Structures are given as structure tokens and as C-alpha cells.
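Derivation of every value follows stated rules applied to the coordinates shown; laboratory data play no part. All values derive from a computational prediction rather than experimental measurement. Backbone-built Cβ (ideal geometry, glycine too); neighbour counts: all protein chains shown.
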Amino acid sequence: MSIILKRYYFLFLACGAFFVSLFLYYSLPGANARVWALDIGQGDSFFIETPRHTQVIIDGGPSAKVLSELSSVMPFYDKTIDLMVLTHPQEDHIFGLVEVLKRYRVENVLMTGVGYTSATYDEFKRLLKEKNVHVFIAQAGERVYLDEGATIDALYPLENLSGREFSAQDVNDTSVATLFSFGAKKFLFLGDATMKEETDLINSGENIDIDVLKLSHHGSKTSTSQLFLDKTTPELAFASMGYKNRYGHPHKEVLDRLGAIPFYRTDTQGRIEIATDGNTVSVKTEK
């Protein structure tokens, strides 16, 4: 009997040591910030983690698949997200965020607060109140300090849109444009902005000379103008869309405009991980 008890005791110690080691591994600061394009189908969802493990999710995709994707990039015991960004309240961006709010502790949300008719959007706002989440209204000039050397800046909308009503046709151009900066490297996320919002950004005087561009609207031909590419000068681009989606994203016109710029896509390459030490950028894909 004592031999069996000793075996269980040592097994318990070994398991405890393993979990402590795992906790310490994920708790220690690393050298790189990482950005993942999550493979959630026809929609957008992106996850950012700084070297000190501050975590940001931008949009949640069209389904609960975001939950399994998060479990692939976060340690299983981590159920806290520091910042959630809702670019705009269309279903393929917001639905998964509702599921995240139900299962994770979300500290802060950055959103426009626009008026928009949607049962999912109503549930999203209800959960924010129920869980007492701190809400920031996105407007150009807002800066969120994540940790040393890492920030998120709101570049768009140019004015406070909270409470203003928008139709399904117009809400794309209320998309929050966010600039994630780590060291010298800059990542631009644009939601579903069309060329109108892109032009507004160019004319705003904001510094949009970046390194990594998340293509707007899943690579739709209504976005990513040649002028915008000339102004942003990305060294690589990526986009999220569903495999053989009915919209034909990404459109050939956009791919032609990208030319020699390296382009990564979730529909054929799965989850995309972009790492930066603040000076260089590297990319890994799931497939």
C-alpha cells in the first residue's frame, strides 16, 4: 500500500512541477510581439500578444470557431483578454466576440458605439453592461499603451460616431482603423473600410507609412486602392476570408495591385502568425 501511495505522490509532484514550469514559461517576457490572423472562415479575427503577454483581440469572426482558435494561441489556463476591438458591428466581425465575452474576462473594449440594427449587436452591448467592461469610444487620436514599446492607436473614425445610425451599406466606412506599433514596426488593421475611408485616412495627415497591412474587407476590390498602397508602403500584407467564399475574396484586382508585396491568406494557409522583435518581421502559416 505504501509503495502505491508513494507512486501517486511522485506522480502528483511531477504534474505539479510541469504546470508550474508551464505557468512560468508563459509568464516570463519574451523578445517578440506576435500577431495572429485566426482561421475563422469568412470574416475577420486577429489576436495580438506583446512580449509581456498583454493580449488584444480585434473582431471575432462569424461563428464560435474563434474559441478553438484562441485556445490554440493562448495557454489553457488564461481566460483574460486585456483589450477587445470591434471594428464595426456586422455579423462576420461581431458574432465571435459575443462568444468570447461569455467565456473570457475582457477588461476593455474599443468600439465606435454607432447605432446599427442587429440582434447580435444588441447582445454584445448587453454583455458589456452585464460584465462591467470598460468601453472606450474609438476616435482618431486615442492611444492605448499595452506595455513597454507597444501601443495601439485609433486612426479612424476621424470624429466621434457614438449613437449615430448607419445602414448595412454605410457601416463599413465606420470601421475602426487601428495601428499596432512595436518598436519600429507598425501593423495597420482596417476592418471593412472601402476606398472612401482609405482616402479619408490619406487626407487626415496621419502617418500611415507602415510595415504590415491587414487588407480591408477580406481583399474586396472596393478597398486597397493603388494610391493607398503607395502611401502605406507595406512590406507584407495579409487577409482573412473563407475557403472558396461566395464573394470571390480576395479579388484579382487587389492581388494585381499588391504586385510583388508578399501576401498571406487564411483561406488557403490557415492560421497566420506574424512575429516581430521591433526591427524585423517573420511569418509562419498553419498550412
Relative contact order (%) - criterion: Cα under 8 Å, at least six apart; region: the chain: 16 percent
Relative contact order (%) - criterion: Cα under 8 Å, at least six apart; region: the range 160-228: 29 percent
Debye intensity ratio I(q)/I(0), log10, the range 140-253, q values 0.13, 0.14 Å⁻¹ (C-alpha model): -0.50, -0.58
Other-chain or far-sequence residues with amide H under 5 Å of Val135's (modelled H): Val109
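Using the structure shown, select from Lys125/Lys231; Lys79/Lys252; Lys79/Lys196; Lys214/Lys252; Lys65/Lys214; Lys196/Lys287 the pairs with a Cα to Cα distance greater than 28 angstrom. Present the calculation step by step, with values, prior to reporting the outcome.
Details: Lys125/Lys231 36 Å; Lys79/Lys252 40 Å; Lys79/Lys196 38 Å; Lys214/Lys252 17 Å; Lys65/Lys214 20 Å; Lys196/Lys287 34 Å.
Check vs 28 Å cut-off fails for Lys125/Lys231; Lys79/Lys252; Lys79/Lys196; Lys196/Lys287.
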Burial ordering of Val106, Val144, fewest other beta-carbon atoms within 10 Å first: Val144, Val106
Karplus-derived HN-Hα couplings along the range 62-72 (A = 6.51, B = -1.76, C = 1.60, θ = phi - 60°), whole Hz, x at Gly and Pro: x, 7, 7, 4, 4, 5, 5, 5, 4, 5, 7
Under-5 Å amide H pairs with Lys186, H placed in peptide plane, nonlocal only: Asp211, Val212
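Relative to the Cα centre, what is the charge dipole magnitude of the chain, using +1 at the beta carbon of each Lys and Arg, -1 at the beta carbon of each Asp and Glu, and rounding to the nearest 20 debye?
The calculation lands at about 1180 debye.
For Asp170 and Ile202 in the same chain, what is the full-extension length gain: residue separation times 0.36 nm, less their Cα-Cα distance, in nm?
Difference between extended and current length: 9.6 nm.
Show that you can apply the helix-only estimate: for the chain, add -39,500 (n - 2.57) for every DSSP H stretch of four or more residues, divide by all residues, and state [θ] at 222 nm to the nearest 500.
-9500 deg cm²/dmol
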The range 267-277 - phi-based ³J(HN,Hα) in whole Hz, Karplus 6.51/-1.76/1.60, Gly and Pro as x: 5, 10, 10, x, 4, 10, 10, 10, 10, 9, 9
Choice from Lys252, Lys185, Lys65 with maximal GNM fluctuation in the chain (Cα, 10 Å cutoff): Lys252
Net charge of Cβ neighbours under 15 Å - reference Ala150; Lys, Arg +1; Asp, Glu -1: -2
From phi via Karplus (6.51, -1.76, 1.60), per-residue ³J(HN,Hα) for the range 101-110 in Hz, x at Gly/Pro: 4, 6, 10, 10, 8, 9, 7, 9, 10, 10
